[in-house]
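Engineer: Would you mind keeping the following structure in view while I ask a few things?
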């Protein structure tokens, strides 16, 4: 029987994301990255970018530091026609379409950079940090631990959508 603590579980869960992003981005051409199944659907590039942006924005907020997106130059490298603080939440059809990624390696690199920030945070997390209330706007209030689980849930949901989409696009060729 394996005994793993809460931090170990969080580290394991977050470390599952980079290989999934890498697998989905690897070898993706313009068709795979930007094809939408309909006018309201999100393409692969947007799904991966949004997944990474949300991890970055929400963990940076927990840490109390600048997002990797701007602090480490990823905003400039991607060159998207969006505001630096934009992470895709609430995007309409035109905003989704504006997320064009010429090199899928950018997605992998950005995910790896965000993972390094997450690792740095999780290395310092203890029970007190996990219990720290980070949002009083809910009943019960949201703790840092609950926020981390929420980030993971959102990430795995979008990664699953991206995997399903890539599979459909590859089979339809």
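The values are calculated or read from the model by the stated rules, or taken from the named source; none is laboratory data. Please read these numbers as outputs of a predicted model, since none were measured by experiment. Cβ: placed from backbone, ideal geometry, glycine included. Neighbour counts: every protein chain shown.
Engineer: Residue 107 versus (1) buried (at least 16 other Cβ atoms within 10 Å of the Cβ); (2) free of Cβ contacts under 8 Å to residues at least 60 places away in the same chain; (3) in contact with a helix residue (DSSP H, G or I) (Cβ under 6 Å, 6 or more places away or on another chain): which is the lone unmet condition?
Structural biologist: (2)
Engineer: Could you tell me whether any residue of region 137-158 is in a loop (DSSP other than H, G, I, E, B), farther than 16 Å from residue 49 by Cβ and modelled with pLDDT under 95?
Structural biologist: Checking region 137-158: not a single residue is in a loop (DSSP other than H, G, I, E, B), farther than 16 Å from residue 49 by Cβ and modelled with pLDDT under 95.
Engineer: Right, something else. If I filter region 83-100 down to residues being closer than 15 Å to residue 43 by Cβ and free of Cβ contacts under 8 Å to residues at least 40 places away in the same chain, which single residue comes out as surrounded by the most Cβ atoms within 10 Å (Cβ to Cβ)?
Structural biologist: Per the stated criteria, the residue is 95.
Engineer: Another one. In region 50-86, how many are farther than 23 Å from residue 146 by Cα, part of a loop (DSSP other than H, G, I, E, B) and in contact with a helix residue (DSSP H, G or I) (Cβ under 6 Å, 6 or more places away or on another chain)?
Structural biologist: 2
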